[in-house]
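The values are calculated or read from the model by the stated rules, or taken from the named source; none is laboratory data. This structure is a prediction, so every number in the text was calculated from the model and none was measured. Note: ideal-geometry Cβ built from the backbone for every residue, glycine included; neighbour counts use all protein chains shown.
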Amino acid sequence: MTIGDHDTFIRTHTRLLPVPHAPEISLFVADEATALWQKTEDELGAIGLPPPFWAFAWAGGQALARYVLDHPGDVANRRVLDFASGSGLVAIAAAKAGAAHVEAADIDPFAISAIRINALANNIRVTPRADDVIGKDEHWDVVLAGDICYERTLAEAVFAWLLRLQRRGARVLIGDPGRSYLPKDRLECLATYRVPVTRALEDAEIKTSHVWRPRAAVLNQ
C-alpha cells in the first residue's frame, strides 16, 4: 500500500471532527476501533497489523494537547518532538502553541499519513518521521509523549530514554490516563483533566488524565 493509498483509506474510513478536550484542533477519527482494524487488514490482505492508534484522540494525548495549548510558553520558539504521535494531535497542539519546529514520530505508516493529513486540516506545519527514535538525541528542546505506558517493556525503555533527555536539558512532558505501567512514583503531576473519550476505547466515558514530568530527584539518580 502506497502513501496515497494510506491517505485514501484514512479519508474514506474516518471523519474530521473536533477533539473533545481540545476543540481548537480537528482530527480524522474513526467511530469504532475493531471495525476499522478489520478493514485495514482486509484491504491490505494481511493479518497481525498494529491497532489503528492513529484513528483516535486518546485520553493521554488529549490531556497533553490541552496542557500545551494552555501553557504555550513551554514550547514556543522551541524544537519539539512528539513521540508515538499517532494522529498527530499533540504535535499539532505544539505547533499551534508557537513551537519553532515540530517533529511527529511514529513507526506506523498509517500514522505518518494521518499526521500529515491532520496537520493539513488544521493549517499547521508538522514534520512526520517514521524511524524509531527511542535512544536518539537530536537536541530537541521539548519532548512530548502521550499515552505510552500501556505495555511494560515499551514503557520502561521509553522512560529511561526520556530521563536521559531531560538530564541533558530537554523538557519532558507525559500525558497519561492511568495506564498500568506509568512510573508515577518517579513523576511529578503538573495538571489533571477530565477527558471525554469513546467507550469503544476505554472503560468509561470520562477518563481522569494527568500531565507529568520526571521528578527532580529521579534526574539526579
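For this structure, a couple of remarks:
- Applying the criterion of being in a loop (DSSP other than H, G, I, E, B) and over 21 Å from residue 133 (Cβ atoms) to the residues of the stretch 53-79, the residue that is modelled with the lowest pLDDT is 56.
- For the stretch 102-147, a tally of residues being polar (S, T, N, Q) and within 12 Å of residue 10 (Cβ to Cβ) returns 2.
- Taking the numbered list (1) in a strand (DSSP E or B); (2) closer than 30 Å to residue 11 by Cα; (3) of a type in the set (Lys, Arg) in turn, residue 213 passes all entries but (2).
- Close pairs from the stretch 185-200: first modelled with pLDDT under 90, partner not in a strand (DSSP E or B) and not basic (Lys, Arg), Cβ under 7 Å, at least 6 apart: 196/20; 196/21; 196/205; 197/59; 197/205; 199/205; 200/32; 200/33
- When we screen 132, 106, 82, 147 for residues that are acidic (Asp, Glu), at pLDDT below 95 and within 15 Å of the chain's Cα centre (by Cα), the only hit is 147.
- Within the stretch 114-126, considering residues that are of a type outside the set (Lys, Arg) and within 14 Å of the chain's Cα centre (by Cα), the one nearest to residue 95 (Cα to Cα): 126
- Conditions (1) surrounded by fewer than 20 Cβ atoms within 10 Å (Cβ to Cβ); (2) on the phi < 0 side of the Ramachandran plot; number of the one not met by residue 123: (2)
- Cβ-Cβ distances below 8 Å connect the following pairs, each with a first residue in the stretch 128-149 that is surrounded by fewer than 13 Cβ atoms within 10 Å (Cβ to Cβ), a second residue that is among the aromatic types (Phe, Trp, Tyr), and a separation of six or more residues or different chains: 135/161.
- Residue match in the stretch 85-99 (condition: touching a helix residue (DSSP H, G or I) at 6+ places or on another chain (Cβ under 7 Å), more than 30 Å from residue 15 (Cβ to Cβ) and touching a residue at least 12 places away in the same chain (Cβ under 8 Å)): no
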